[in-house]
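No value in this document is a laboratory result; all are computed from the given coordinates. Source: prediction; values computed, not measured. Ideal geometry is used to build each Cβ from the backbone, glycine not excepted, and the neighbour counts take in all protein chains shown.
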Amino acid sequence: MSSSVMPAAKDKIMTAKFLEALSFAAYQHRYQQRKDNVTPYINHPIAVANILLNEAGVSDETVLIAALLHDTVEDTGTGFADIEQRFGRTVRDIVAEVTDDKSLPKKARKQKQIDHAPSLSDRARLVKLADKTANLRDVTSAPPKDWPVSRLDEYLDWGKAVIDQIRGSHAQLEDLFDQAYRQGKETVGALSKSA
């Protein structure tokens, strides 16, 4: 096969398993919306996978599949056994590492993310970096209507506190996060002035 028809590394990602994960995540999140109460929830896992692949050059299919599935256990009726049966133990383990324990109060869950971040595996760190970047971009571009500026600012700082625990994991993803954080702070500043 000549090099002119060889697929690029990122073009090899669209495997049957990747598309199965996308379909599975879309089905599991089908009735959910993002914090703006408008955007379909599935846009978030797609954005996380897109950040990894197209913005940071992460082509590890296992990481990309875990990115698509990272909120299914936390936010739907999906169990870890479902993830393992369909996508294997490694994907299940990555999803488990980035899944919050919803039985804890919200404040405790947020602190646990900060405390737990340093113990994440390399693959889970990639998902966490892309997830926080996507979240900051979302709340900055479409802040929830019921959030005061102070809550938006606290959310940005909490995201940074999580990411600061895993600095040195992936420079390009960290740069993307830092850009989203700076943009968020600029938005908070503009909103504060207009309030």
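Could you point to the label whose value was computed as volume of the Cα convex hull per residue in Å³ for the structure here, given [x] 185; [y] 135; [z] 119? From the options [x] 185; [y] 135; [z] 119, the structure gives [y]. Spin-label model, Thr39 to Ile114: label points 7 Å out along the Cα-to-beta-carbon direction sit 2.5 nm apart.
Here Asp164 and Ala16 are evaluated by their C-beta separation; at R0 = 35 Å the FRET efficiency comes out at 0.40. The length gained on full extension between Arg182 and Gln32, counted as 0.36 nm times the residue separation minus their Cα-Cα distance, comes to 51.2 nm.
Cβ under 10 Å from Lys160's Cβ, Lys160 left aside: what net charge do those residues give with Lys, Arg +1 and Asp, Glu -1? Please report the intermediate quantities before stating the final value.
Values: positive: Lys132, Lys185; negative: Asp157, Asp164, Asp178.
Around Lys160, the surrounding residues sum to -1.
Using a simple spin-label model with pseudo-atoms 7 Å out from Cα toward Cβ, Gln172 and Leu191 lie 3.1 nm apart.
Mean separation of Cα pairs under 8 Å and 6 or more residues apart, divided by the residue count, gives the range 12-194 a relative contact order of 21 percent.
Over the range 97-188, what is the mean sequence separation of C-alpha contacts under 8 Å (at least six apart), divided by residue count, expressed as relative contact order in percent?
On the way: 68 pairs, mean separation 35.9, N = 92.
Value for the range 97-188: 39 percent.
The simple spin-label model puts a point 7 Å past each Cα toward its Cβ; for Glu84 and Leu104 those points are separated by 2.2 nm.
Rounded, prolate or oblate: which fits the range 30-79 when a ≥ b ≥ c are the square roots of the eigenvalues of the alpha-carbon gyration tensor, with rounded for a/c under 1.5 and prolate only if a/b beats b/c?
Judged from the Cα gyration tensor, the range 30-79 comes out oblate (a/c at least 1.5, b/c at or above a/b).
Once you sort the root eigenvalues of the Cα gyration tensor of the range 100-195 as a ≥ b ≥ c, which label holds: rounded (a/c under 1.5), prolate (a/b larger than b/c) or oblate (the other case)? It comes out oblate by the Cα gyration axes.
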